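Working notes, beginning with the structure itself.
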Amino acid sequence: MRLTRYFLPVLKETPSEAQIASHRYMLRAGMIKQASAGIYSWLPLGFKVLKRIEQIVHEEQARAGHLAMLMPTIQSADLWQESGRYNAYGPEMLRIRDRHDRDMLFTPTAEELITDIFRGHVSSYKDLPLTMYQIQWKFRDEIRPRFGVMRGREFYMKDGYNFDLTKEDALHAYNRHLVSYLRTYERMGLQAIPMRAESGPIGGDDTHEFLVLADTGESGVFYDSEITDLRFGDRDIDYTDMAQCQAVLEEFTSRYARTDDTHDEAVFHERVPEARRREARGIEVGQIFYFGTKYSEPLGATVQDRDGNQVPVHMGSHGIGVSRLVSAIIEASHDDNGIIWPEGVTPFHCGIVNLKQGDDEADAACEALYASLTALGLEPLYDDRKERAGGKFATMDLIGLPWRITVGPRGLKNGVVELTSRRSGESEELPPEQAVERIAAIYAGL
Ligand code: ATP
Ligand code: MG
């Protein structure tokens with residue numbers, strides 16, 4: 001993409017309504033624009049990051065054997081009356097009346113609708129286990145939407161639902177999700193902490209939240225300082241293997257505790273020596289639930305078991321805050337000059353800065369770099385504006401592309417360009433072909 005052809009409405013001034021870094025930078029980098037309180041348009045740069053995150057979620061769901069589908073955002077109130085949540089959900093649910101005076105709602109979550117689909121089509125234990133998910137807009141009329149897309153009213157969420165014959169099978173689905181979420185967040189450059197939590201209006205017995213450490217987080221967490229070395233990496237997990245999933249879960253969950261849970265804190269104290277205990281704040285980027293027959297019983301989602309008895313299925317649900325992740329990643333990865341995208345979610349793989357636009361040699365070198373990167377399947381953002389170098393660097397720093405290639409007549413005389421890491425700020429001079437190879441190698445490993 002050439003910057004002169006792109007829509008990147010960068011703001012020089014810091015918007016006064018933005019209190020945290022991610023909100024400030026998303027507005028300043030022209031990623032989003034508020035449409036009304038807690039409701040945002042996603043401009044091209046922001047939309048690209050949202051789609052990268054969504055793609056990672058899809059790939060990891062497929063790896064765990066879950067099926068993608070899509071349900072409507074507007075639902076009839078009927079099913080919610082059947083489950084009892086229409087009255088219980090409260091003012092966070094946006095209620096709508098259609099022209100025939102029928103009660104409708106903008107869905108905050110979809111346990112009822114998926115259970116209705118299940119009961120209409122599945123009748124035997126032979127069709128289980130089954131896990132389906134969607135990535136779809138949700139609406140919750142939050143009393144205090146704030147921090148941009150971090151706490152919006154309309155937000156983009158992955159919500160998945162598992163159906164199992166027994167509690168044991170459903171708990172395996174729970175563990176499988178926990179493990180698959182760890183891998184999902186790690187691919188986004190995040191260390192997400194799985195922590196036992198409260199269940200809220202979704203209800204249920206077992207639940208874990210996933211927290212990304214950041215000072216602006218709403219939850220308190222104690223953690224083991226050695227946990228930062230714990231990496232999911234390329235472990236070859238067999239998601240159908242209960243024991244394997246359980247072992248990973250234990251490895252990752254035993255070294256954290258909520259600051260507001262005395263039981264967990266006591267366990268944490270038993271396991272982690274004092275010198276390694278740390279306290280921090282975290283942003284919730286996902287949650288998984290096991291809730292047994294809470295929805296299948298009232299909605300009559302039963303199957304015939306091996307002995308021919310009709311039994312309600314055991315269920316769980318699992319959410320990832322896809323739009324919130326855009327801001328959570330920025331909270332976890334930025335500096336005073338702007339965003340620092342992890343390679344896994346960056347909107348463009350690298351920037352190309354032409355220090356002397358209009359100079360034949362510099363222009364030709366930039367075009368050649370652009371062509372070679374594109375031919376390798378990479379997406380560069382070429383700053384081809386006739387602007388001074390300082391302004392171009394400031395824009396690149398703000399929008400946070402992890403790698404920048406700087407091209408100028410002086411370097412070209414010696415046959416080199418400059419490759420700069422956004423994260424470390426370190427630069428290296430090397431021939432253009434080597435810069436391309438280096439960038440290709442970095443992304444090939446992802
Ligand atoms: P919170 O406690 O932050 O209000 P929640 O526990 O009500 O969130 P869940 O029902 O667990 O939310 O939804 C799954 C995920 O969706 C959350 O982990 C979060 O990442 C995201 N999410 C929930 N509410 C919002 C919101 N208002 N804006 C953006 N993302 C949200
Ligand atoms: Mg939650």
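We did not get these values from a lab; they are worked out from the coordinates using the rules stated. Note that this is a predicted model, so its numbers are computed, not measured. Ideal geometry is used to build each Cβ from the backbone, glycine not excepted, and the neighbour counts take in all protein chains shown.
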Mean Cα-pair separation over length for the chain, i.e. relative contact order, pairs under 8 Å, 6 or more apart, %
17
Mind checking Rg over Rh on the stretch 89-135, alpha carbons, Kirkwood formula for Rh?
1.11
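Dividing the convex hull volume of the Cα atoms of the stretch 397-436 by its residue count, what figure in Å³ per residue is obtained?
Taking only Cα atoms, the stretch 397-436 has a hull volume of 66 Å³ per residue.
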To the nearest whole percent, what portion of all C-alpha pairs in the stretch 130-274 is separated by more than 27 angstrom?
27
Quick one: length gained pulling residue 13 to residue 251 fully straight, 0.36 nm per residue minus the C-alpha distance?
81.1 nm
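Which value in Å is the Kirkwood Rh of the chain over different Cα pairs? Before the final figure, lay out each step's value.
On the way: mean 1/r = 0.0418 Å⁻¹.
In the chain this quantity evaluates to 23.9 Å.
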In whole angstrom, note down how far apart the Cα centers of the stretch 217-282 and the stretch 152-210 are.
15
Quick check: Cα centre of the stretch 78-128 to Cα centre of the stretch 45-73, how many Å?
23
Can you tell me the Rg and the Dmax, both Å, for the Cα atoms in the stretch 1-129?
20.4, 61
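Quick one: which of 12/33; 51/392; 12/392; 126/158; 138/167; 356/413 span more than 22 angstrom between C-alpha atoms? Walk me through the intermediate numbers first.
Numbers: 12/33 15 Å; 51/392 26 Å; 12/392 13 Å; 126/158 27 Å; 138/167 29 Å; 356/413 14 Å.
Flagged as over cut-off: 51/392; 126/158; 138/167.
Looking at the stretch 364-408, which trypsin sites (Lys or Arg not before Pro) are DSSP coil and have at most 14 other C-beta atoms within 10 Å of their C-beta?
Numbers: sites: 385, 386, 388, 392, 404; in loops: 385, 386, 388.
In loop regions of the stretch 364-408 (DSSP not H, G, I, E or B), the sparsely surrounded trypsin sites (Lys or Arg not before Pro) are 386, 388.
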